[in-house]
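Chemist: Please find one structure pasted underneath; my questions will follow.
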Amino acid sequence: MRLILLGPPGAGKGTQAKILVDAYGIPQLSTGDILRNAIAEQTPLGLEAKAIMDRGDLVSDDVVNGIVSERLDAEDCKPGFILDGFPRTIAQAEALDRMLAEKGVKLDAVIELKADADELVRRVIQRSKDSNRADDNPDVIRKRLDVYESSTAPLVSYYDKQELVRPVDGMAPVEDVTVAINSALGR
């Protein structure tokens, strides 16, 4: 099973990804984790990414796409994967489509976790009390929601044209969201 989890920050993508990993035995691929692993393993693309980050610059789509492509070739991804945090833009989605076509595989579904912005802000404030994450404050989360709406939300339409989107109410209790995802996947 090859999935993308889409949804705004705080919608529960990470929580549901962990549940799906346990249920289906496929890895969750977070762009940040992939980048850190490539750097730690000192792959050529990892070293290139490190040099860019050490300068304080953002890693280009070309480098991120290359690192994701390398990760998708790993043995544990053969039965499937869950992409979380990638793609973030239409350009990255188009690159992913090309990558998967070259590898002879296709996405099975894009799970869209729908969520209310005000409730997300409340959730993130609560999460910050529990985890003390620096990026979990109302101003930062509102900015992240704005970035999501402008850059990532258009992916729903992009993948809807491919008939891959499975909308799920991300505001429901965790267990109900899990049941809805499994139902949307025909499981």
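Chemist: Please tell me if G80 is closer than 21 Å to G170 by Cα, of a type outside the set (V, I, T) and either in contact with a strand residue (DSSP E or B) (Cβ under 9 Å, 6 or more places away or on another chain) or without any contact (Cβ under 8 Å) to a residue 40 or more places away in the chain (or both). Spell out the reasoning first.
Modeler: On the way: closer than 21 Å to G170 by Cα: no; of a type outside the set (V, I, T): yes; either in contact with a strand residue (DSSP E or B) (Cβ under 9 Å, 6 or more places away or on another chain) or without any contact (Cβ under 8 Å) to a residue 40 or more places away in the chain (or both): yes.
Criteria not met by G80.
Chemist: Give the range 166-176 a look and list any residue that's closer than 17 Å to V156 by Cβ and of a type outside the set (K, R), or say none.
Modeler: Taking the range 166-176 first, the residues closer than 17 Å to V156 by Cβ are 166-171.
Within the range 166-176, P167, V168, D169, G170, M171 meet the criteria.
Chemist: Suppose we keep only residues that are among the hydrophobic types (A, V, I, L, M, F, W, C) and touching a residue at least 24 places away in the same chain (Cβ under 8 Å) within the range 167-187. Which one would you say is surrounded by the most Cβ atoms within 10 Å (Cβ to Cβ)? First the steps, then the outcome.
Modeler: Kept after step one, since they are among the hydrophobic types (A, V, I, L, M, F, W, C), are these residues of the range 167-187: 168, 171-172, 174, 177, 179-181, 184-185.
This time we only want the ones that are touching a residue at least 24 places away in the same chain (Cβ under 8 Å), so: 168, 171, 174, 177, 181, 184-185.
Working: V168: 25, M171: 16, V174: 12, V177: 21, I181: 22, A184: 15, L185: 16.
Filtering first and then ranking leaves V168.
Chemist: Could you please give the count of residues in the range 63-89 that are within 13 Å of the chain's Cα centre (by Cα) and over 17 Å from D33 (Cβ atoms)?
Modeler: Adding up the residues that qualify gives 1.
Chemist: Looking only at residues in the range 12-62 that are of a type in the set (S, T, Y) and assigned to a helix (DSSP H, G or I), which one is farthest from the chain's Cα centre (by Cα)? Talk me through it step by step, then tell me what you get.
Modeler: To start, the set of residues in the range 12-62 that are of a type in the set (S, T, Y) comprises 15, 24, 30-31, 43, 60.
Right, trim to assigned to a helix (DSSP H, G or I) and you get 15, 24, 31.
Values: T15: 12, Y24: 17, T31: 7 Å.
Here the answer is Y24.
Chemist: Oh, and also: Any chance you could count how many residues in the range 63-78 are of a type outside the set (V, I, T) and within 15 Å of T43 (Cα to Cα)? Even if it seems obvious, please write down each step before you answer.
Modeler: Start the filter on the range 63-78 by keeping residues that are of a type outside the set (V, I, T), which leaves 65-66, 69-78.
Keeping just the survivors that are within 15 Å of T43 (Cα to Cα) gives 65-66, 69-74.
Count: 8.
Chemist: Counting only residues that are in a loop (DSSP other than H, G, I, E, B) and either touching a residue at least 60 places away in the same chain (Cβ under 8 Å) or closer than 15 Å to L164 by Cα (or both), how many does the range 99-129 have?
Modeler: If we filter the range 99-129 for residues that are in a loop (DSSP other than H, G, I, E, B), which is where we start, we get 104-108, 115-116.
Filter once more, keeping what is either touching a residue at least 60 places away in the same chain (Cβ under 8 Å) or closer than 15 Å to L164 by Cα (or both): 105-108, 115.
Final tally of qualifying residues: 5.
Chemist: Restricting attention to the range 1-11, and to residues there that are hydrophobic (A, V, I, L, M, F, W, C) and part of a strand (DSSP E or B), which single residue is nearest to T89 (Cα to Cα)? Reasoning before the result, please.
Modeler: Let us first name the residues in the range 1-11 that are hydrophobic (A, V, I, L, M, F, W, C), namely 1, 3-6, 11.
Checking which are part of a strand (DSSP E or B) leaves us with 3-6.
Working: L3: 16, I4: 13, L5: 13, L6: 11 Å.
Per the criteria, the residue is L6.
The rows are residues; the columns are (1) within 28 Å of E149 (Cβ to Cβ); (2) touching a residue at least 24 places away in the same chain (Cβ under 8 Å); (3) in contact with a helix residue (DSSP H, G or I) (Cβ under 6 Å, 6 or more places away or on another chain).
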residue: K13; (1), (2), (3): yes, yes, no
residue: A17; (1), (2), (3): yes, yes, no
residue: V21; (1), (2), (3): yes, yes, no
residue: Q28; (1), (2), (3): yes, yes, yes
residue: G32; (1), (2), (3): yes, yes, no
residue: R36; (1), (2), (3): yes, no, no
residue: P44; (1), (2), (3): no, no, no
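Only the coordinates and a few stated rules stand behind these numbers; no lab work does. A quick note: this is a predicted structure, and the numbers were derived from the prediction, not measured. When we count neighbours, we look across all protein chains shown, and the Cβ atoms used for this are built from the backbone with ideal geometry, even at glycine.
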